[in-house]
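The values are calculated or read from the model by the stated rules, or taken from the named source; none is laboratory data. These numbers come from a predicted model, not from an experiment. Heads up, the Cβs are rebuilt from the backbone with ideal geometry, glycines too, and the neighbour counts pull from every protein chain shown. Accessible surface areas use protein heavy atoms only, side chains included; no ligands, DNA or RNA. Shrake-Rupley method; radii C 1.70, N 1.55, O 1.52, S 1.80 Å.
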Amino acid sequence: MKKIILFGVLFLLTVQFSFSQKNAKPIISSYNFSGQTELWESIGSGILNYQADVMYIYGKIYVTPLMPDSANHKLPTLTEAYLYPLYNQFKKNKDEIIPGYSGDIFLILNFTTQPVQIYKQLANEMRPFSDMLTYNIDGTAHQGKLRILIKDKEQLNKINRIKPSFLGLVGNLKDIDQNIDPNKMPLIEVDFNELTAWKGIGNIPFEDFTKIKALVDKVHAQKKKISIANCPSYKTVADLIQTSKADFMTTSEATRMAGFFDTNK
């Protein structure tokens, strides 16, 4: 038991030291974590923002896009894989998930089914971690370090009709011209293929780059952040994200892409 505890302490110290050597990477990891070790390793690589598929199964929220075949499944819960390890960081670092990191960390949840049931359970599971959460409910604001978002407007409307929620919304390309309150919609996600036919080989056409840069500037003028999803996993795309000043790319290959970003830019 002592060896296990010592390993855990050394691992956390390694994560903190590792992160101190590099800046945060402009990445939202859409890879579903299977446990807290993967999240800590992600932080050590400078990847601080996450997206996960979640499902309500027999009274708990599990990280999965599909119903398991058996009741004896080994799927991780959302608390095990994301909420607890983030809160562990938050308390250990005196109300900062990452020391010195300004702004919120985003956790985007894809509700597969039963959005109201998932939210009720999520609200219950978030109670021990509520001081970590950033939210604005009917004018009552709380500034924490974690913002939980969903993408589906219809699901959020169903939830809010029952009770105003702490969830924020991820907008899409059409939402940019709506100029929605950034407290309600702090992030815009745009599919790479909506912006360009470029495949990440060679140089992006200049007219496509200027269009993307103008879009990024427009979103920033609304005090929102922007992520480009489903990008090819090449260094040329990492260069595009940085030169266009986009805040993030959303990718399931976060570890691979992290190595392409020059944190000195």
**Prompt:** Quick one: what pairs do we get from segment 161-180, first residue in contact (Cβ under 8 Å) with a residue 60 or more places away in the chain, second open to solvent by less than 20 Å² (accessible area, probe 1.4 Å) and of a type in the set (A, V, I, L, M), C-beta under 8 Å, 6+ apart or different chains?
**Reply:** Val170/Ile108; Val170/Leu149; Val170/Ile150; Val170/Met185; Val170/Leu187; Val170/Ile188
**Message:** Any residue that is of a type in the set (Asp, Glu), assigned to a strand (DSSP E or B) and either open to solvent by 30 Å² or more (accessible area, probe 1.4 Å) or farther than 30 Å from Ser45 by Cβ (or both) - is there at least one of those in segment 229-247?
**Reply:** no
**Prompt:** Can you tell me how many residues in segment 148-172 are assigned to a helix (DSSP H, G or I) and of a type outside the set (Lys, Arg)?
**Reply:** 7
**Item:** The lone exception for Glu125 - which of (1) surrounded by 15 or more Cβ atoms within 10 Å (Cβ to Cβ); (2) acidic (Asp, Glu); (3) not assigned by the TED database to the domain that holds Gln89 it fails
**Value:** (3)
**Extreme residue, farthest from Val237 (Cα to Cα), among residues of segment 173-197 that are open to solvent by less than 40 Å² (accessible area, probe 1.4 Å) and not in a loop (DSSP other than H, G, I, E, B)** = Asp175
**Item:** Single residue of segment 143-154 satisfying the filter (touching a residue at least 24 places away in the same chain (Cβ under 8 Å) and open to solvent by 60 Å² or more (accessible area, probe 1.4 Å)) that is nearest to Pro99 (Cα to Cα)
**Value:** Lys151
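Between Tyr82, Tyr119, which is within 19 Å of the chain's Cα centre (by Cα), closer than 20 Å to Glu41 by Cβ and either modelled with pLDDT of 95 or more or small (Gly, Ala, Ser) (or both)?
None of the others qualify; the one that does is Tyr82.
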**Prompt:** What is the residue count in segment 61-98 for residues that are in a loop (DSSP other than H, G, I, E, B) and open to solvent by 70 Å² or more (accessible area, probe 1.4 Å)?
**Reply:** 8
**Request:** Confirm whether Gly200 is within 17 Å of Ile150 (Cβ to Cβ) and open to solvent by less than 70 Å² (accessible area, probe 1.4 Å).
**Result:** no
**Asked** When you look at Asn264, is it at pLDDT below 95, under 26 Å from Gln155 (Cα atoms) and not assigned by the TED database to the domain that holds Gly44, yes or no?
**Response** no
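Suppose we keep only residues that are open to solvent by less than 50 Å² (accessible area, probe 1.4 Å) and out of contact with any Lys or Arg (no Cβ under 8 Å at 6 or more places or on another chain) within segment 210-228. Which one would you say is nearest to Thr243 (Cα to Cα)?
Filtering segment 210-228 for residues open to solvent by less than 50 Å² (accessible area, probe 1.4 Å) gives 212, 215-216, 219, 222, 224, 226-228.
Next, only the ones that are out of contact with any Lys or Arg (no Cβ under 8 Å at 6 or more places or on another chain) stay: 212, 215, 222, 224, 226-228.
Numbers: Ile212: 10, Leu215: 13, Gln222: 20, Lys224: 18, Ile226: 14, Ser227: 14, Ile228: 13 Å.
Checking each candidate, the answer is Ile212.
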**Asked** Is there any pair linking a residue in segment 131-142 that is assigned by the TED database to the domain that holds Pro164 and in contact (Cβ under 8 Å) with a residue 40 or more places away in the chain to one that is surrounded by 10 or more Cβ atoms within 10 Å (Cβ to Cβ) and polar (S, T, N, Q), with Cβ under 6 Å and at least six apart or on different chains, and which?
**Response** Asn136/Asn183
